[in-house]
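A.B. asks: After the structure tokens below, expect a handful of questions from me.
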Amino acid sequence: MKKNAKSKLKTNLIITLLLLSAPFSIFFSSCGTSPEKKDEASYREQAIELYEAAKYEEAAKMFDMALEKSSGAVSKMDIDICYYKADSLLLSGQLSEAKEAANGMIEYDDDLWGAYFLRGKISLEEGNTDAAKSDFDIAIEKNPKDLELYIAIYEALSDTDGEGAAQYLEEASSLGDDSAKGLRCRGYVSYLEDDPYTALDLFDKAMEKGDEKACLYKAEVLIDLGKSDEALSIIEEKLSASSDPVEYEKQYRYDQVIAYEYGGDFETAKTLMQSYIDDYPGDEEALEEYRFLETR
């Protein structure tokens, strides 16, 4: 049961989108000297480690602990933590709690378009497509020029409402610019429209402008095209980089497994997947992939 890279691309995009509506650095050394703030940042960092290991229920509890250390006035850090908490609750299946968290953000500031997007995803999990699309449309109304938002909505709807999803993708096709992000997003739209070579060209142009995520996407498209050796060259160069942490390390490690699998080296793929699961034990997709590799 080979997984194409598109499913992993989808996950990366949605997680990124949730954080884009309230961006805040993982490092908080410049946030002041308040002990409360230092504690909040520390708990947040621990919670993110649990989140990235796909231990979503534990992460949600740790994000709560971070919020308890807030100084009182709502900060960018608090909003960022709320997004993480709500998404952790959603991913752990605690839908009513996730919706309560999303509603709380909207009540605090109804311009938080990411909260509407998140609430729409929760509604989809509840089986309420109409409510989801209503929230998605509000998110677009509040953030009409962000191509990544249209793509994320398309991805969210594609499994349950293909016709509705296609409408958002069609709208996305008319947006975009020649910025690094714009080129990368246009490339991704081309990929979704089954034009992988145009996608690769646009990813290359985005990379020339310094867009690191375009490099990740390029590797994943090459995997889907059966060009595992080319993909591995990109992936392993990134994983061997001296920077710490390696940007998108989790995604590159997963894609490395898939590239070896597509190339027919199941033994290496299985070994690498075992190491991946050791570090990210809550990743259900990885566990399913490992079970498949054990049969090869």
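A.B. asks: Could you give the semi-axes, largest first, of the ellipsoid that matches region 117-262, computed as the square roots of 5 times the alpha carbon gyration tensor eigenvalues and rounded to whole Å? Please list the in-between numbers first.
C.D. replies: Working: eigenvalues 169, 58, 44 Å².
Semi-axes from the Cα gyration tensor: 29, 17, 15 Å.
A.B. asks: Heavy atoms of the protein only, probe of 1.4 Å, neighbouring chains included. What is the accessible area of Thr268 in Å², nearest 10?
C.D. replies: 50 Å²
A.B. asks: Students often get this wrong, so check it: of Lys205/Lys227; Lys145/Lys227; Lys145/Lys209; Lys85/Lys209; Lys76/Lys142, which have C-alpha atoms separated by over 24 Å? Show your work: numbers first, answer last.
C.D. replies: Working: Lys205/Lys227 20 Å; Lys145/Lys227 34 Å; Lys145/Lys209 20 Å; Lys85/Lys209 33 Å; Lys76/Lys142 19 Å.
With Cα atoms farther than 24 Å apart: Lys145/Lys227; Lys85/Lys209.
A.B. asks: What number comes out for the charge environment of Gly93, summing +1 per Lys or Arg and -1 per Asp or Glu over other residues with Cβ under 14 Å away? Intermediate results must be reported in sequence, preceding the final value.
C.D. replies: Numbers: positive: Lys55, Lys99, Lys121; negative: Glu57, Glu58, Asp87, Glu97, Glu125, Glu126, Glu284.
Around Gly93, the surrounding residues sum to -4.
A.B. asks: Kindly sort Ser173, Ser190 by accessible area of their heavy atoms, largest first, with the probe set to 1.4 Å. If you can, show how the numbers build up before the last one.
C.D. replies: Details: Ser173 60, Ser190 15 Å².
The ordering from most to least exposed comes out as Ser173, Ser190.
A.B. asks: Got a number for carbon plus sulfur as a percent of the chain's accessible area, 1.4 Å probe? Working shown, then result.
C.D. replies: Working: 6250 of 13840 Å².
So the carbon and sulfur contribution to the accessible surface is 45 percent.
A.B. asks: With a 1.4 Å probe and every protein chain left in place, work out the accessible area per residue of the chain in Å², rounded to a whole number.
C.D. replies: On the way: 13840 Å² over 296 residues.
Per residue, the chain has an accessible area of 47 Å².
A.B. asks: Using only the Cα atoms of region 80-195, build the gyration tensor, take square roots of its eigenvalues as a ≥ b ≥ c, and label the shape rounded, prolate or oblate: rounded if a/c is under 1.5, else prolate if a/b is larger than b/c, else oblate. It would help to have the intermediate numbers written out before the result.
C.D. replies: Values: a/c = 2.03, a/b = 1.55, b/c = 1.31.
Prolate, since a/c reaches 1.5 and a/b exceeds b/c.
A.B. asks: Could you work out [θ]222 nm for the chain from helices alone, using -39500 (n - 2.57) per DSSP H run of at least four and dividing by all its residues? Round to the nearest 500 deg cm²/dmol.
C.D. replies: Numbers: 16 runs with 217 residues, N = 296.
Helix-only estimate at 222 nm: -23500 deg cm²/dmol.
A.B. asks: Under unit Cβ charges (Lys, Arg +1; Asp, Glu -1), what dipole magnitude, rounded to 20 debye, does region 66-197 have relative to its Cα centre? Kindly include the intermediate steps, with their values, before the conclusion.
C.D. replies: Numbers: 12 positive and 29 negative charges, 98 e Å.
That gives region 66-197 a dipole magnitude of about 460 debye.
A.B. asks: In sequence order, what are the phi-derived ³J(HN,Hα) couplings for region 216-228 according to the Karplus relation 6.51 cos²θ - 1.76 cosθ + 1.60 with θ = phi - 60°, rounded to whole Hz, with x for glycine and proline?
C.D. replies: 4, 5, 4, 4, 5, 5, 4, 4, 4, 7, x, 9, 5
A.B. asks: Same structure again: Could you work out the local net charge near Tyr248, counting Lys and Arg as +1, Asp and Glu as -1, over the other residues with Cβ closer than 10 Å to its Cβ? Walk me through the numbers before you get to the answer.
C.D. replies: On the way: positive: Lys213, Lys238, Lys250, Arg253; negative: Glu212, Glu247, Glu249, Asp255.
Once positives and negatives cancel, what remains is 0.
A.B. asks: Right, another one. Which Rg and Dmax, in Å, describe the Cα atoms of the chain?
C.D. replies: 19.3, 55
A.B. asks: Loop only by DSSP, 11 or fewer other Cβ within 10 Å of the Cβ. Give me the trypsin sites (Lys or Arg not before Pro) in region 103-164 that pass, ordered by residue number.
C.D. replies: Numbers: sites: Arg119, Lys121, Lys133, Lys142, Lys145; in loops: Lys145.
Sparse-neighbourhood loop trypsin sites (Lys or Arg not before Pro): Lys145.
A.B. asks: Students often forget the sequence filter, so: which aspartates and glutamates lie under 16 Å Cα-Cα from Lys133 once same-chain residues fewer than 8 apart are removed?
C.D. replies: Within the straight-line limit of under 16 Å, Lys133 reaches these aspartates and glutamates: Glu125, Glu141, Glu155, Asp159, Asp161, Glu163, Glu170, Glu171.
A.B. asks: A follow-up question, please. Each residue of region 117-132 in order: what ³J(HN,Hα) in whole Hz does its phi give by Karplus 6.51 cos²θ - 1.76 cosθ + 1.60, θ = phi - 60°, with x for Gly and Pro?
C.D. replies: 4, 5, 5, x, 5, 5, 4, 4, 5, 7, x, 10, 5, 4, 5, 4
A.B. asks: If you look at just the Cα atoms of region 176-271, how large are its Rg and its Dmax in Å?
C.D. replies: So, for region 176-271, Rg and Dmax equal 13.4, 43 Å respectively.
A.B. asks: At most 16 other Cβ atoms within 10 Å plus a DSSP loop assignment makes a site exposed; report the longest stretch of the chain without any exposed GluC sites (Glu not before Pro).
C.D. replies: In short, 1-125.
A.B. asks: Using Cα springs under 10 Å in a Gaussian network model of the chain, which residue among Ser42, Ser70, Ser243 shows the largest mean-square fluctuation?
C.D. replies: Taking springs between Cα atoms under 10 Å, the residue moving most is Ser243.
A.B. asks: In what order, largest first, do Asp194, Asp161, Asp177 sit by accessible area if the probe radius is 1.4 Å?
C.D. replies: Details: Asp194 120, Asp161 35, Asp177 80 Å².
Highest to lowest solvent-accessible surface, that is Asp194, Asp177, Asp161.
A.B. asks: Another question, if that's okay. For the pair Ser173/Asp194, report the inter-label distance in nm, with labels modelled 7 Å from Cα in the Cβ direction.
C.D. replies: That separation, rounded to one decimal, is 1.3 nm.
A.B. asks: Something else about it: If amide H atoms are built 1.01 Å from N in the plane of the peptide, which residues on other chains or at least 5 residues away come under 5 Å of the amide H of Asn143?
C.D. replies: It is none; the list stays empty.
The values are calculated or read from the model by the stated rules, or taken from the named source; none is laboratory data. From a predicted model like this one, the values you see are computed outputs, not experimental measurements. Note that each Cβ is placed from the backbone with ideal geometry, even for glycine, and that neighbours are counted across all protein chains shown. Ligands, DNA and RNA are stripped out before the accessible areas are found, and what is left, the full protein with its side chains, is counted by its heavy atoms. Shrake-Rupley method; radii C 1.70, N 1.55, O 1.52, S 1.80 Å.
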